[in-house]
Amino acid sequence: MHKIRLIIQREYLTRVKKRSFLLTTFLVPLFFIGMYIGVIILTKKSFDDTHAIVYVFDEEGTVAPSLVNTKNLTYTHSNHALQHQIDSLQGSAKNTNILVIPTNFFESRKVELLSSGKPNVVTQKEVESQLGEIVRDHAYQKLGVNTDSIKNINSSVSINAKEITTNGETRDSNTEIAMGIALALSILVYISLFLYGSQVMRGIIEEKNSRIIEVIISSVKPFQLMMGKIIGIGMVGLTQFVLWIFLSLILVGIASTFLVSKEDLMSQMTQHESLSQAADSSSQIELYSALQSINFPELIICFFVFFIGGYLIYSALFAAVGSAVDSETEASQFTMPITMPLLLTYALSFGVLINDPHGSIATWLSFIPFTSPIAMLVRVPFGVPTWQLIVSAVLLIGGFVLTTWFAARIYRVGILMYGKKPSYKELLKWFLYKN
């Protein structure tokens, strides 16, 4: 254990002191905050650029007065003839359009929208929506129905979703919030396991090619060296996670307070009619209640348990691959089969797992050690029985022990092999070698 601890300290300190660690640790949060600000600025600019002017030629005679200006659309009456307005369209400002309403509009329900270039999709949809309301109101009037009374009818229905717990009690539930958290965890775990597992493999290949491994292996056993590298790099990953979380929270607070005004933020989060609804206090209360339905302490604990377990399993396999090859190019034929279970679960998380988190496929995937790091974390926001969490964690630990034993038998031979491109048959021979 003492030798393993020394190797862990060596790996941890060596990588933490590297410039690349400092750059990724501090630049990644800055990158995401910059992206966050950039999205807001570009979205605001996009909304500004989509503002359109529509010259209306109402041959029917009663439609134009019913058209209403919106945030992205301004209707205006042209004093010129239609052909003159069409001729001057080429020299007009961007997003300038001509709306021609024929005399038989209410029968044909067709209009022409002329533009100097490709008509903007948002403009088309808004014009189409308003004309549709005008046609509907005209039909109501022909039937003798009071359109004002109909417009005052509020037909929206609010569903207060609740789930029944195992003890028969009810609690608030929000599937959309659970789905969002599940997908975020799926992406985070998939990228992290692949990233840090590759770092283990890359570190072993570098030391093997530089022949430093021959000096180290004279003092420690191959298994101790492999475990030291895996745990040391894993601790580096956890350190980065903690720093990313704290730095991101600090930078998001600074960006939200000083760099983006509250009005700009609200304008990017909402569109047109939904602006007042999103700003309404009742929506904030509903969001707060939805977040309260998520068991965040359980989610955080499960994240670290299954992330660490998944990392140990895949890092052991990546370590075995790194010991068997002399370059990353040769490693590609072995890394693909290793990562296939992870990739399959990641792909299924966007459909099968979030649509049926308690189904047989999701349940079995959360018990298999190679798929449970993603499958179980996708299911946790939806509520998972405690016994399933315990069984999955125990199987994950057992999978790590078995995988490490398998990887160590390949590692002990492959780490001293040079200049030979291994095959699967060769790896099997290494595995069967006696001590």
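The values are calculated or read from the model by the stated rules, or taken from the named source; none is laboratory data. Everything quoted here is computed from the prediction, not taken from an experiment. With ideal geometry, Cβ positions are generated from the backbone for all residues, glycine too; neighbour counts draw on all protein chains shown. With ligands, DNA and RNA removed, areas are computed over all heavy atoms of the protein, side chains included. Shrake-Rupley method; radii C 1.70, N 1.55, O 1.52, S 1.80 Å.
Summary of values
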read-out: Sole residue being open to solvent by 50 Å² or more (accessible area, probe 1.4 Å) and either modelled with pLDDT under 85 or among the aliphatic types (A, V, I, L, M) (or both), chosen from SER332, SER323; value: SER332
read-out: Tally of residues being in contact (Cβ under 8 Å) with a residue 40 or more places away in the chain and either small (Gly, Ala, Ser) or open to solvent by less than 50 Å² (accessible area, probe 1.4 Å) (or both) across segment 414-425; value: 4
read-out: Strands (runs of 3 or more DSSP E) fully within segment 31-124 counting 1 or more residues that are open to solvent by 80 Å² or more (accessible area, probe 1.4 Å) and either modelled with pLDDT of 70 or more or out of contact with any helix residue (DSSP H, G or I) (no Cβ under 7 Å at 6 or more places or on another chain) (or both); value: 73-77, 112-115
read-out: Among (1) out of contact with any Phe, Trp or Tyr (no Cβ under 6 Å at 6 or more places or on another chain); (2) part of a helix (DSSP H, G or I); (3) charged (D, E, K, R) - the single one LYS421 does not satisfy; value: (2)
read-out: Complete set of residues in segment 200-213 that are of a type outside the set (Ser, Thr, Tyr) and either touching a Leu at 6+ places or on another chain (Cβ under 6 Å) or free of Cβ contacts under 8 Å to residues at least 60 places away in the same chain (or both); value: GLU206, GLU207, ARG211, ILE212
read-out: Per-region count, segment 341-382, residues in a loop (DSSP other than H, G, I, E, B) and open to solvent by 20 Å² or more (accessible area, probe 1.4 Å); value: 6
read-out: Given (1) assigned to a helix (DSSP H, G or I); (2) touching a residue at least 12 places away in the same chain (Cβ under 8 Å); (3) open to solvent by 60 Å² or more (accessible area, probe 1.4 Å), index of the condition TRP405 fails; value: (2)
read-out: Single unsatisfied condition, SER156 versus (1) part of a helix (DSSP H, G or I); (2) modelled with pLDDT under 80; value: (1)
